[in-house]
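Below you'll find the structure, written out as structure tokens, and then a few comments.
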Amino acid sequence: MQRLLSLKQASSSAFSSSCSSLLHSLPVRFFRPQIPKSIFGFGPNRGLLKSRWRLWFQRFSASDMVLGLVLTNVAVFLLWRIADRRFMMDNFMVSLDNFKSGRLHTLITSAFSHIDIEHIVSNMIGLYFFGYNIGRIFGPEYLLRLYLAGAMGGSVFYLVHHAFLAK
């Protein structure tokens, strides 16, 4: 009887090891990522992706980039007038509540929000004169990066300031 049990255990362990080796030898594709890493810039073609991005930016002049930023600001300004107020406050206004609830995109989208007509006009005049010269001297890609870095920096300083005020 004991011999029968040991034979049964040996056969079951042999079966499980053969199944295990069979599973390891099969190409199990559903466990592998379906999206190639090179799309996100992590693969061997990272430089190619970066050069495509630069080629895309070379199509724009400084005035094109300034115009795009001005139109985006005006579009968001008009959106504040026609869209749901709660939606706009949740997605286009930086606040401690938005930050704590995970709405990190507001760090950038808040840079496109303006309170009233005088606010947007004065900001767009400044963007036009300073932005055009910066874009002409350093390039449109630099201008966009500077605009977005200023948005992030301003939002972070705002959050830090209000976090200290809340204490």
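Listed values, structure above:
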{"read-out": "Using a Förster distance of 35 Å, the FRET efficiency for ILE137-ARG86 (Cβ separation, nearest 0.05)", "value": "0.25"}
{"read-out": "Contour excess over end-to-end distance, with Cα ends at ILE117 and VAL74 and 0.36 nm allotted per residue", "value": "14.5 nm"}
{"read-out": "In Å, descending, principal axis extents of the Cα set of segment 58-167", "value": "44, 30, 24"}
{"read-out": "Most to least packed among 97-103, 71-77 [average Cβ atoms within 10 Å]", "value": "71-77, 97-103"}
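Just so you know, all these numbers are worked out from the coordinates, no wet-lab data involved. Computed from a prediction, not measured in an experiment: that's the story for all the values here. Glycine also receives a Cβ, built like all others from the backbone with ideal geometry; neighbour counts cover every protein chain displayed.
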